[in-house]
1. Can you tell me which residue within segment 127-183, out of those that are closer than 20 Å to Arg117 by Cα and of a type in the set (Lys, Arg), is nearest to the chain's Cα centre (by Cα)?
2. For residues in segment 198-253 being at pLDDT 90 or above and acidic (Asp, Glu), which is surrounded by the most Cβ atoms within 10 Å (Cβ to Cβ)?
3. Scan segment 144-168 residue by residue and report those that are in a strand (DSSP E or B) and of a type in the set (A, V, I, L, M).
4. Filter segment 216-234 down to the residues that are among the small types (Gly, Ala, Ser) and part of a loop (DSSP other than H, G, I, E, B) and list them by number.
5. Only one of Ala176, Ala156, Ala152 is touching a helix residue (DSSP H, G or I) at 6+ places or on another chain (Cβ under 8 Å) and at pLDDT 90 or above; which?
6. Within segment 169-189, can you find the residues that are in a loop (DSSP other than H, G, I, E, B) and free of Cβ contacts under 8 Å to residues at least 40 places away in the same chain?
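The values are calculated or read from the model by the stated rules, or taken from the named source; none is laboratory data. Being a predicted model, the structure only gives us computed values, none of them experimental. We place every Cβ from the backbone using ideal geometry, glycine too, and count neighbours over all the protein chains shown.
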Amino acid sequence: MTDLRECVAELDKLEDTITGMRCRLSREIRRQRRFAADASHELRTPIAGLRVSLEEAARNPQNTDLENLLSHALSNVDRLQAIVTDLFILTELEASTSIGEYKAVDLAKIVQRQVYRRKDEHKISLRCRPRILVGAAPEKINRMLAELLDNAQRHADHVVEVELSHDSDCAILTVADDGRGIPEADRQRVFDRFIRLDEARSRDLGGTGLGLTIARDIVTSHSGTIHIEDSTLGGACFVVRLPLADPAMPAPSIDASSNGRRVG
């Protein structure tokens, strides 16, 4: 009798496990379908713009402003290319399970280089502690930082502020702007794919709607965290924490190209 009860108990546990797996699978299928629908919508918009322009030119070639037509066509192609590139990066991040490519990299140098090479009407103020080593894939960290800076520059009114420091366990990177900010209720949603907030944070300002998703996924893949706070400048402040490099990791080579300059 005891064996029978144990068998029934094990079957109940198995049933609960299978039910849980079915629920998770169902949620994932719904998420993937929603993402596919959103991606299709985003891709259809520039494609439709291209078709309308080209069909109009084909019907009335003598009245077509070729320079204007090419400008609109190239703009739509650029948007298509940006969306496809970001979708590919997201797919690559989801498929990647290897951390063998990670090594000790100097996050301070990556931040400095990203800031110094940027040309934008908005001033970037940089405060950066030197030689902060994290265990990372350099190209992914570069992409994460580029996405955060692109987002801040799109939504800033006048200035972007970047700061890099560390505590005993983590590097702490903040990217803040003086724009309209992000309501607290939307601070998790803003990392979702193709999310639409108010016009101040819309994709119409130049983004694909995937940049912050990419940034979050890169941070997560490095065992880090990212969240949004109010900025002292009045806008949004993105806070990234990345674990410091394991002392056993090979140290990065010394690069004389970074001399500790400050921007802003």
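1. The selected residue is Arg143.
2. For segment 198-253, the residue satisfying everything is Asp217.
3. Going through segment 144-168, the residues in a strand (DSSP E or B) turn out to be 159-166.
Matches in segment 144-168: Val159, Val160, Val162, Leu164.
4. The initial filter retains those residues of segment 216-234 that are among the small types (Gly, Ala, Ser), namely 221, 223-224, 231, 234.
Within segment 216-234, Ser223, Gly224, Ser231, Gly234 qualify.
5. Values: Ala156 fails: touching a helix residue (DSSP H, G or I) at 6+ places or on another chain (Cβ under 8 Å); Ala152 fails: touching a helix residue (DSSP H, G or I) at 6+ places or on another chain (Cβ under 8 Å).
After ruling out the rest, the residue left standing is Ala176.
6. Across segment 169-189, the qualifying residues are Pro183, Gln188.
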